[in-house]
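Here is the structure we will look at.
The values are calculated or read from the model by the stated rules, or taken from the named source; none is laboratory data. These numbers were taken from a predicted model, which means no experiment stands behind them. Neighbour counts run over all protein chains shown; Cβ positions are idealised from the backbone, glycine included. With ligands, DNA and RNA removed, areas are computed over all heavy atoms of the protein, side chains included. Shrake-Rupley method; radii C 1.70, N 1.55, O 1.52, S 1.80 Å.
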Amino acid sequence: MDNRIILPDEVKRALDTLHRRGYEGYIVGGCVRDSLMGVPPKDYDITTNALPEQTKEVFKHYRVIETGIKHGTVTVLINRMPLEITTYRIDSEYKDNRHPEFVTFTSSLEEDTARRDFTMNAIAYDEENGIADFHGGHEDIQNKLIRCVGDPDKRFGEDALRIMRAIRFSSVLGFEIEEKTKAALFRNKELLKNISAERIASELIKLLCGRNVYSVLMEYIDILAAVIPELMPMKGFNQNSPHHKYDVWNHTARVVANAGNSPVLRLAALFHDIGKPLSYTEKEGRGHFYGHAKVSCDITRAVLNRLKLDNYTKDTVLDIIRLHDAQINENKYSIKKFMNRRTPELFFMLLKMKRADDLGKGTDVSERLAALERMEKLGKEILSEQACFSKKDLAVKGGDLIAEGFTPGRELGLILDRLLEEVIAEHLPNEKQALLDWARSIK
Ligand code: ATP
Ligand code: MG
């Protein structure tokens, strides 16, 4: 087994600088895990026995930012690469399932690794000593296993966010959760209610974007439902429809997995059918869900508000859900009308949503997918031709029409609407003279 990790020069320099001054210094956490998996780390965290003041002194010739001095963290910028350097520490008792009462610095690397959440995240490395793995993390990475450091019930009791982190890592890394850790997840799930909405939302979004999201949603809906109980009615809800092979939740999990890799689309996918159980009606043994998109929107709005998502995400997710079942005809006129009422961006996102929705039905959707591809091509043509689909693209402006004797206000608005309609329908070219002539002719 090759245990060498190639470090960026900046990281080497930081570790060397600590070592030269007689301190220990290791990279630790996600960056070691990712490196051992052959994945380039997003960032590097360093752990050291130097106290924060000492770290500041050691790096006094660099830019140092006091990011979390209380918790022992300073950020050092080397060649513009930010490196978080944290003093070895032990977290004290957790009283509220989320924050240690206080932290204590220690001179023991082993003690520092013991406070970390999962064995795969508790490995340290430096070039002289190689891998320092006190909890069997390397073997767990090789076996693709997520396992708590120490007793899982205790660890989830200390910080319930770890419950979300476990299933998020399972989704992102494609790892299984070790049996004892898994059992403790379910036993402790209600503790998630003590975690702030922002932290839940951030983990949820990462989870949704993971490559293993289908299995994670299928296996761990009960855990997500501790924070989003609205999801629960979807589980096992039979659709009784020739268009659907799967129950609402299984369908939903498939749609999420197929919904492009953007948080907005994945959230929209998660909630698009959440209103189905409430909208269910049956006729001659067949299930129908009339109006479910609206019900889904209403439920989702409440959930997204609770999760404190930003307005862009909220509005876009709701637009996609509201329209996920709407028909847009396969011609440029309809598409331009859509782009005018909404935005081109929403049009393309909606196509992606519809495609994912179709792929999650488990029935033959080849015709529908082909139609969506043709729609996408038409949409792209409209943009590349710079075709006019909104008033601001019209070749005449209000001022031009006023000069022609039109009255500002209602009359002007109406004539601009009509001009736009004629241009979208391609009855008139988007040229100033032609538009003015036509406007004059109907005055
Ligand atoms: P990512 O790839 O998402 O950044 P990461 O493992 O680096 O994953 P971070 O949130 O950046 O996660 O945290 C860095 C390290 O700090 C983790 O690897 C872990 O050792 C430790 N850690 C983070 N959050 C917790 C927590 N809630 N409880 C215990 N240890 C934690
Ligand atoms: Mg990290």
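Among strands (runs of 3 or more DSSP E) lying entirely in region 82-156, which contain 1 or more residues that are more than 18 Å from residue 50 (Cα to Cα) and open to solvent by 10 Å² or more (accessible area, probe 1.4 Å)?
On the way: elements: 89-91, 103-105, 123-126, 130-133.
Those strands (runs of 3 or more DSSP E) span 130-133.
Within region 70-80, how many residues turn out to be touching a residue at least 40 places away in the same chain (Cβ under 8 Å) and in contact with a Phe, Trp or Tyr (Cβ under 8 Å, 6 or more places away or on another chain)?
As a first pass, look at region 70-80 and keep what is touching a residue at least 40 places away in the same chain (Cβ under 8 Å): 76, 78-79.
When the remaining residues are screened for being in contact with a Phe, Trp or Tyr (Cβ under 8 Å, 6 or more places away or on another chain), the result is 76, 78.
Qualifying residue count, region 70-80: 2.
Write out, first by first residue and then by second, each pair whose Cβ atoms fall under 9 Å of each other, whose residues are 6+ apart or on separate chains, and whose first residue, in region 373-393, is over 11 Å from residue 340 (Cβ atoms) and open to solvent by 70 Å² or more (accessible area, probe 1.4 Å) while the second is acidic (Asp, Glu) and in a helix (DSSP H, G or I).
386/393
Take region 88-126 and flag every residue that is of a type in the set (Ser, Thr, Tyr) and either in contact with a helix residue (DSSP H, G or I) (Cβ under 6 Å, 6 or more places away or on another chain) or near ligand 1 (Cβ under 10 Å from one of its atoms) (or both).
Initial filter on region 88-126 (of a type in the set (Ser, Thr, Tyr)): 88, 92, 94, 104, 106-108, 113, 119, 125.
Correct list: 88, 94, 113, 119, 125.
So residue 355 passes all but one of these: (1) touching a residue at least 12 places away in the same chain (Cβ under 8 Å); (2) open to solvent by 30 Å² or more (accessible area, probe 1.4 Å); (3) farther than 14 Å from residue 336 by Cα; (4) in a loop (DSSP other than H, G, I, E, B). Which condition number does it fail?
(4)
What about residue 48, is it open to solvent by less than 60 Å² (accessible area, probe 1.4 Å), within 26 Å of residue 150 (Cα to Cα), more than 25 Å from the chain's Cα centre (by Cα) and more than 14 Å from ligand 1 (Cβ to nearest atom)? Show your work before the answer.
On the way: open to solvent by less than 60 Å² (accessible area, probe 1.4 Å): yes; within 26 Å of residue 150 (Cα to Cα): yes; more than 25 Å from the chain's Cα centre (by Cα): yes; more than 14 Å from ligand 1 (Cβ to nearest atom): yes.
The answer is yes for residue 48.
Working carefully through the options 395, 387, 403, find the one that is touching a Lys or Arg at 6+ places or on another chain (Cβ under 6 Å) and more than 28 Å from residue 291 (Cβ to Cβ). Explain how you work it out, then say what you get.
Numbers: 387 fails: touching a Lys or Arg at 6+ places or on another chain (Cβ under 6 Å); 403 fails: touching a Lys or Arg at 6+ places or on another chain (Cβ under 6 Å).
Of the residues listed, the single one that is touching a Lys or Arg at 6+ places or on another chain (Cβ under 6 Å) and more than 28 Å from residue 291 (Cβ to Cβ) is 395.
How many of the residues in region 6-36 are more than 12 Å from ligand 2 (Cβ to nearest atom), within 24 Å of residue 142 (Cα to Cα) and surrounded by fewer than 19 Cβ atoms within 10 Å (Cβ to Cβ)?
Of the residues in region 6-36, 2 are more than 12 Å from ligand 2 (Cβ to nearest atom), within 24 Å of residue 142 (Cα to Cα) and surrounded by fewer than 19 Cβ atoms within 10 Å (Cβ to Cβ).
Matching residues to (1) out of contact with any Gly (no Cβ under 8 Å at 6 or more places or on another chain); (2) open to solvent by less than 20 Å² (accessible area, probe 1.4 Å); (3) in a loop (DSSP other than H, G, I, E, B):
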site	(1), (2), (3)
211	no, no, yes
218	yes, no, no
236	yes, no, yes
239	no, yes, yes
298	no, no, no
317	yes, yes, no
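What pairs come out if I take residues in region 30-54 that are within 18 Å of residue 86 (Cα to Cα) and assigned to a loop (DSSP other than H, G, I, E, B) and pair them with residues that are more than 11 Å from ligand 1 (Cβ to nearest atom) and aromatic (Phe, Trp, Tyr) whose C-beta lies under 7 Å away, six or more apart or interchain?
From region 30-54, the pairs are 49/23; 49/88; 50/23; 51/105.
Does residue 39 satisfy the condition of being within 16 Å of ligand 1 (Cβ to nearest atom), of a type in the set (A, V, I, L, M, F, W, C) and open to solvent by 40 Å² or more (accessible area, probe 1.4 Å)? Don't jump to the end; show me each part of the working.
Numbers: within 16 Å of ligand 1 (Cβ to nearest atom): yes; of a type in the set (A, V, I, L, M, F, W, C): yes; open to solvent by 40 Å² or more (accessible area, probe 1.4 Å): yes.
Against the criterion (within 16 Å of ligand 1 (Cβ to nearest atom), of a type in the set (A, V, I, L, M, F, W, C) and open to solvent by 40 Å² or more (accessible area, probe 1.4 Å)), residue 39 qualifies.
Condition first: assigned to a loop (DSSP other than H, G, I, E, B) and open to solvent by 40 Å² or more (accessible area, probe 1.4 Å). Can you find one or more residues in region 63-78 that meet it?
Taking region 63-78 as the starting set, the residues that turn out to be assigned to a loop (DSSP other than H, G, I, E, B) are 72.
Now drop any that are not open to solvent by 40 Å² or more (accessible area, probe 1.4 Å), which leaves none.
There is no residue in region 63-78 that is assigned to a loop (DSSP other than H, G, I, E, B) and open to solvent by 40 Å² or more (accessible area, probe 1.4 Å).
Give the number of residues within region 170-209 that are within 16 Å of ligand 2 (Cβ to nearest atom), within 19 Å of residue 36 (Cβ to Cβ) and either within 13 Å of the chain's Cα centre (by Cα) or among the charged types (D, E, K, R) (or both).
1
For region 270-283, does any single residue satisfy the condition of being open to solvent by 10 Å² or more (accessible area, probe 1.4 Å), part of a helix (DSSP H, G or I) and at pLDDT 95 or above?
Within region 270-283 (the criterion being open to solvent by 10 Å² or more (accessible area, probe 1.4 Å), part of a helix (DSSP H, G or I) and at pLDDT 95 or above), the answer is no, since none of the residues qualifies.
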